[in-house]
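Undergrad: Sharing a structure with you now.
The values are calculated or read from the model by the stated rules, or taken from the named source; none is laboratory data. What you are looking at is a predicted structure, and each value in this text was computed from that prediction instead of being measured. Please note: Cβ atoms are built from the backbone with ideal geometry, for glycine as well, and neighbour counts cover all protein chains shown.
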Amino acid sequence: MASQHRAAAAYDTVAAEYDLRFCDELDGKPRDRELLDGLAARASGVVLDVGSGPGHIGARIRASGRPVVAVDVSLAMADAAARRVDAALVADTVHIPVRAATISDIVAFYSIIHLPRLRLGDALREFARVLVPGGHVLLSAHEGTEDVAVTEFLGHQVDLSATFFTLDELVAAAVDAGLTVTLAERRAPYATEGSTNRLYVELENQ
Ligand SMILES: C[S@@+](CC[C@H](N)C(=O)[O-])C[C@H]1O[C@@H](n2cnc3c(N)ncnc32)[C@H](O)[C@@H]1O
């Protein structure tokens, strides 16, 4: 089965537990809050939360008064997100059903991790397509070089792939997609997180 269909099935299965476990996670993540609030302050129109999960990331941006539309391949996640943001679309990161050059900003926290490594460029080009000139992207990912098969998640059996990226790899893919890198940083995991270093990349559309 294609990776986006496996991701949809896996996240449909764990959606309720994911929501319970992570909906308040930003309380313990000061750097994430700072980056999200920075994006919200710069935004001038609709913000997309791509791979939104239950919408708690988009909700942080919406709290700053920006309209937020969630995009997730999982119907259960999109349903949950629609209760926290303005609207939600069930769609794939690499094919967002939105007219070109209409979106102010995109946040994609830990959703590119479910793309096959070779599709990262497709996702970034899709982001560039929907963003207005001067629009921004904020990505996060786990640092590493592995492609991991996940068979158990939040107490359920799943069939899911996770891709770890290096910071250099994210930066190079963004430049290839015609995006300008305005921030590229790593941080050690907070005590509440798993053991991987976290990567953050901010990009500006041409
Ligand atoms: C690890 S969760 C992250 C959710 C949220 N952004 C967060 O930071 O907690 C990954 C999310 O990406 C979604 N996802 C996975 N592959 C996707 C794809 N190809 N297109 C859109 N969403 C996808 C999953 O359904 C899931 O909701």
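Undergrad: Looking at Ala128, Ala100 in this structure, which one is out of contact with any helix residue (DSSP H, G or I) (no Cβ under 6 Å at 6 or more places or on another chain) and either more than 15 Å from the ligand (Cβ to nearest atom) or not polar (S, T, N, Q) (or both)?
TA: Ala128 is the lone residue from the list that is out of contact with any helix residue (DSSP H, G or I) (no Cβ under 6 Å at 6 or more places or on another chain) and either more than 15 Å from the ligand (Cβ to nearest atom) or not polar (S, T, N, Q) (or both).
Undergrad: Please determine whether any residue of segment 45-57 is more than 16 Å from the chain's Cα centre (by Cα) and at pLDDT 95 or above.
TA: yes
Undergrad: Would you point out which residue out of Ala91, Ala63 is closer than 24 Å to Lys29 by Cβ, out of contact with any Leu (no Cβ under 7 Å at 6 or more places or on another chain) and not charged (D, E, K, R)?
TA: Ala63
Undergrad: So, of the residues in segment 177-206 that are assigned to a loop (DSSP other than H, G, I, E, B) and of a type in the set (Ser, Thr, Tyr), which turns out to be nearest to Leu139 (Cα to Cα)?
TA: Going through the qualifying residues, I end up with Thr196.
Undergrad: Sort through Ala101, Ala174 and tell me the only one that's small (Gly, Ala, Ser) and not in a loop (DSSP other than H, G, I, E, B).
TA: It is Ala174.
Undergrad: Okay, next question. So Ile113 passes all but one of these: (1) more than 13 Å from the ligand (Cβ to nearest atom); (2) without any contact (Cβ under 8 Å) to a residue 60 or more places away in the chain; (3) not in a strand (DSSP E or B). Which condition number does it fail?
TA: Going through (1) more than 13 Å from the ligand (Cβ to nearest atom); (2) without any contact (Cβ under 8 Å) to a residue 60 or more places away in the chain; (3) not in a strand (DSSP E or B) one by one, Ile113 breaks only (1).
Undergrad: Of everything in segment 95-110, what is within 15 Å of the chain's Cα centre (by Cα) and either surrounded by fewer than 18 Cβ atoms within 10 Å (Cβ to Cβ) or free of Cβ contacts under 8 Å to residues at least 24 places away in the same chain (or both)? Give them in sequence order.
TA: Scanning segment 95-110 gives His95, Tyr110.
Undergrad: Name the residue, out of Val107, Val150, Val85, that is in contact with a Lys or Arg (Cβ under 6 Å, 6 or more places away or on another chain), within 16 Å of the ligand (Cβ to nearest atom) and either of a type in the set (Asp, Glu) or not in a helix (DSSP H, G or I) (or both).
TA: Just a single option satisfies the conditions, and that option is Val85.
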